[in-house]
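Some notes on the structure that comes next.
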There are 2 protein chains.
Amino acid sequence: MQAAKASTGATRGLGGRSRVTIADVAEDLGVTKSTVSRALNGYPDIAEATRLRISRAAERLGYRPLSHAQAIRTGRVRSLGLVLQIDNEDSARPFLANFIAGVTQAASLENWTITIATAEDEQGVRETLSRLVDEHKADGFILPRTLLQDARVETLRAQNVPFIMFGRTADPTGCAWYDIKGEDALRTATTRLASLGHKRIAHVPGGAEYTYSKLRIEGYRDGLAAAGIAYDPELIAPPAMNRRAGDSATRALLALPEPPTAITFAVDRAALGAYQAAHALNLRIGADISVIAYDGVPEGAYANPGLTTFEVNSRQAGERLATMLIERIRGTPPEELRELAPPTLVERGSDRPPRLTSAALAERLKTQTNI
Amino acid sequence: MQAAKASTGATRGLGGRSRVTIADVAEDLGVTKSTVSRALNGYPDIAEATRLRISRAAERLGYRPLSHAQAIRTGRVRSLGLVLQIDNEDSARPFLANFIAGVTQAASLENWTITIATAEDEQGVRETLSRLVDEHKADGFILPRTLLQDARVETLRAQNVPFIMFGRTADPTGCAWYDIKGEDALRTATTRLASLGHKRIAHVPGGAEYTYSKLRIEGYRDGLAAAGIAYDPELIAPPAMNRRAGDSATRALLALPEPPTAITFAVDRAALGAYQAAHALNLRIGADISVIAYDGVPEGAYANPGLTTFEVNSRQAGERLATMLIERIRGTPPEELRELAPPTLVERGSDRPPRLTSAALAERLKTQTNI
DNA sequence: CCCCTTGCCGAAACCGGTTTCGGTAGTTTT
DNA sequence: AAAACTACCGAAACCGGTTTCGGCAAGGGG
């Protein structure tokens, strides 16, 4: 039957000839499996000389333990889980490659691997996540795109599985996280615009369900306060997460009786919509209307003028998240695993001193539409 | 001791309380583990009634087999491996999210998962790959970015581990693949430019190590032949994989005594360099010089004029690769797992009838530089 | 009525590791 | 010198599944 099986052309799984097992190492040295196992795992009841002999022999024979064979007893598969939501259009395209690179690199330092899965929507993410938990495909999870109320967090917390968030959430109990201080970015953006001479500065937030949207609004308001500008609720547009929504948000803001001369955006993609709107309204970005956003998407660099924005180092984020999650899995309490990193400003051409006052801008827009 | 362990604050791995095992299911029904196992895995020597009782009980108790527990005996971890090379700048940024989405989606249909890793260079990819093979982290691998001479292929072939390529390679023995017919794209691009009236059509290939570069050059030459245009080796530039190289390749081509009025590019990013070159030389893309490329990167849509290119459906590619690899792992011979998909043309503004002849273009460039 | 199949399932080995439990030899204490 | 430790390692159980082997009962053929 063996022969028949082989003749079907079926590959016999990996490593056709039987690999070297712990028993082989043990036999080679005339000790038992248990001794080898304890020696290799650093148990204290193994003589130093023995440990050395064993690790040398393991090296020489090319022994590599099978993580899934270990897992059956230890319950650790040495893998980090990552469930991504890939939805239409937006999603974190450029972000992804570097982020994954960071995660995998940090993980492989400890000889861990990444188990990755995707889903279309929140529902799908939850289902996929619990499937991975049920089948124990990973020892812990990295949660990107955290929401103020996050069902994933509650699920994992309830089931007592380790996780770390890329972002923050409303209820921090039991949570570890790494995040970029988007609030600082928006504070800086606002004060920067103010010091350029802008008096009416608007903000287009991200989706209300995301924690970062709330934080960035706070940063915007802090910036206003620091610049001594009164907060005007009219200058906060409805949420915009993509080009189209950014376009209409911009138009709405410019249609105000006292339009802003500068707009801050929670996300770059929405800011790119402002370019469309400006073009349609015959305004020039960086002259008639200034823009600062956040994310650092590559398209921003090729826009005309270049989009001034805050870049996030997603590679570093991936690295930190992976190493922190491994620590978490090894027992470090979540309260000790919380890190915030600063965003970095990338100055391009979209933010300049205002060429017109708000009133002049309003006037120009009015006469123009009358044509 | 249990208590002491728990009190360290260490999370006890996943699923704190002991999960339901195959033994639980067996005991619940008063049968043995072996019966349950065979029933659930569709062995023929289990009565239909029994199989039904067992699968119902498994469902009711919420039994999910641990893939790593199965793996220890079966040698199958139900996971597909993917080692990505993430190098500086270029790399397949936008491609990645959709590709991964496709792969994971197809894999999860069969309840398989993806184990992903990254490396900086070819050397690193090979090392990572063999580590994953040694530790049997995946049952098979998807190889993107295939080279004419691909060390990964040789390694995997030698070790008899299943794999499938995204792309083709010089020696196809034992290889399964899925690929987009880039040669067809370049053939179409060339004949299209010819029918627009272009007589001098150039080509800027990709890196010579990639299989697709060779194929696309062949497609270009086929297109020339079909259009009845003589092949001129001068019109094949040195390889260009990014904006900067595309810029200088374009300049070199335009500096020829008989410059091309149209240029085809193996990759979009290089074509975007032509926009820079054109701008610097005071030429207009889509008027003085036409361009068609290949890849479908998002920046191409925002270039001015939009870049005419061939889009690859990387999500579909991921799906096909995953399902084909699973078939391969299950024993389908590689010769039966070879698929080629057509690219789709995206018409934008970069390809138009020539405004000037080659001679006129040369004249203009000469006088211009003289200024 | 006996023998031989066939269908179905239990018993036990097995996969490759980890971990518990003792046991032996050497060393220290009394 | 006997007793009590200590350091080190072997024997065996164990983890959660899969797979081999064999046995029993029912059915069919002679």
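Residues that are touching a helix residue (DSSP H, G or I) at 6+ places or on another chain (Cβ under 8 Å) and either more than 7 Å from chain A (Cβ to nearest Cβ) or aromatic (Phe, Trp, Tyr) (or both): does segment B:114-123 have at least one? Give the derivation first.
So the first thing to find is which residues in segment B:114-123 are touching a helix residue (DSSP H, G or I) at 6+ places or on another chain (Cβ under 8 Å), and the list is B:114-119, B:122.
In the following step, the residues that additionally are either more than 7 Å from chain A (Cβ to nearest Cβ) or aromatic (Phe, Trp, Tyr) (or both) were identified as B:119, B:122.
Yes, that holds for at least one residue.
Do we have any residue at all in segment A:100-119 that's within 18 Å of residue B:106 (Cβ to Cβ) and assigned to a helix (DSSP H, G or I)?
The initial filter retains those residues of segment A:100-119 that are within 18 Å of residue B:106 (Cβ to Cβ), namely A:115-119.
Applying the additional criterion that residues be assigned to a helix (DSSP H, G or I) yields none.
No, there is no match, as no residue in segment A:100-119 is within 18 Å of residue B:106 (Cβ to Cβ) and assigned to a helix (DSSP H, G or I).
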Identify all residues within segment B:27-37 that are within 7 Å of DNA strand C (Cβ to nearest atom) and not hydrophobic (A, V, I, L, M, F, W, C); write none if there are none. B:30, B:32, B:33, B:34, B:35
Kindly check whether there is at least one residue in segment A:67-85 that is at pLDDT below 95, more than 10 Å from DNA strand C (Cβ to nearest atom) and more than 17 Å from residue B:131 (Cα to Cα). yes
Within the group B:269, B:352, which residue is open to solvent by 40 Å² or more (accessible area, probe 1.4 Å), in the same structural domain as residue B:214 (by TED's automatic domain parsing) and not in a loop (DSSP other than H, G, I, E, B)? B:269
Among (1) modelled with pLDDT of 95 or more; (2) open to solvent by less than 10 Å² (accessible area, probe 1.4 Å), which single condition is residue B:300 missing? (1)
Specify the residue that is farthest from DNA strand D (Cβ to nearest atom); the eligible residues are those in segment A:21-37 that are outside any helix (DSSP H, G or I) and open to solvent by 50 Å² or more (accessible area, probe 1.4 Å). A:21
So in segment B:54-77, with the set limited to residues that are more than 24 Å from residue A:70 (Cα to Cα) and crowded, with 17+ Cβ neighbours inside 10 Å, which one is nearest to the chain's Cα centre (by Cα)? B:58
Return the only residue of A:18, A:91 being modelled with pLDDT under 90, more than 7 Å from chain B (Cβ to nearest Cβ) and either part of a loop (DSSP other than H, G, I, E, B) or in contact with a strand residue (DSSP E or B) (Cβ under 9 Å, 6 or more places away or on another chain) (or both). A:18
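Out of segment A:170-189, which residues are open to solvent by less than 40 Å² (accessible area, probe 1.4 Å) and not hydroxyl-bearing (Ser, Thr, Tyr)? Explain how you work it out, then say what you get.
Start the filter on segment A:170-189 by keeping residues that are open to solvent by less than 40 Å² (accessible area, probe 1.4 Å), which leaves A:174-180, A:182-183, A:185-186, A:189.
Of everything in segment A:170-189, those that are open to solvent by less than 40 Å² (accessible area, probe 1.4 Å) and not hydroxyl-bearing (Ser, Thr, Tyr) turn out to be A:174, A:175, A:176, A:177, A:179, A:180, A:182, A:183, A:185, A:186, A:189.
Sort through B:111, B:98 and tell me the only one that's in contact (Cβ under 8 Å) with a residue 24 or more places away in the chain, facing chain A (nearest Cβ under 10 Å), within 31 Å of the chain's Cα centre (by Cα) and open to solvent by 50 Å² or more (accessible area, probe 1.4 Å). Give the steps one after another, and end with the answer.
Values: B:98 fails: open to solvent by 50 Å² or more (accessible area, probe 1.4 Å).
Step by step, each of B:111, B:98 is checked, and only B:111 is in contact (Cβ under 8 Å) with a residue 24 or more places away in the chain, facing chain A (nearest Cβ under 10 Å), within 31 Å of the chain's Cα centre (by Cα) and open to solvent by 50 Å² or more (accessible area, probe 1.4 Å).
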Counting residues that are more than 14 Å from the chain's Cα centre (by Cα), which strands (runs of 3 or more DSSP E) fully inside segment A:135-187 reach at least 1? A:140-143
Index of the failed condition, residue B:340 passing every other in (1) in a strand (DSSP E or B); (2) in contact with a helix residue (DSSP H, G or I) (Cβ under 7 Å, 6 or more places away or on another chain): (2)
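Counting only residues that are in a helix (DSSP H, G or I) and near DNA strand D (Cβ under 10 Å from one of its atoms), which one in segment B:38-57 is nearest to the other protein chains (Cβ to nearest Cβ)? Steps first, please.
Step one: filter segment B:38-57 for residues in a helix (DSSP H, G or I), giving B:38-40, B:48-57.
Of the ones still in play, those that are also near DNA strand D (Cβ under 10 Å from one of its atoms) are B:38-40.
Numbers: B:38: 17, B:39: 19, B:40: 14 Å.
Per the stated criteria, the residue is B:40.
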If the Cβ limit is 6 Å and pairs must be 6+ apart or interchain, which residue in segment A:321-337 that is touching a residue at least 12 places away in the same chain (Cβ under 8 Å) pairs with which residue that is in a helix (DSSP H, G or I)? A:322/A:103; A:322/A:106; A:322/A:107; A:323/A:106; A:337/A:324; A:337/A:328
Out of (1) crowded, with 20+ Cβ neighbours inside 10 Å; (2) under 17 Å from residue B:309 (Cα atoms); (3) out of contact with any strand residue (DSSP E or B) (no Cβ under 8 Å at 6 or more places or on another chain), what's the single condition that is false for residue B:192? (3)
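The values are calculated or read from the model by the stated rules, or taken from the named source; none is laboratory data. What you see is a predicted model; the values in this text were computed from it and never measured. Cβ atoms come from the backbone with ideal geometry, glycine included; neighbour counts cover every protein chain shown. Surface accessibility is based on the protein's heavy atoms, side chains included, excluding ligands, DNA and RNA. Shrake-Rupley method; radii C 1.70, N 1.55, O 1.52, S 1.80 Å.
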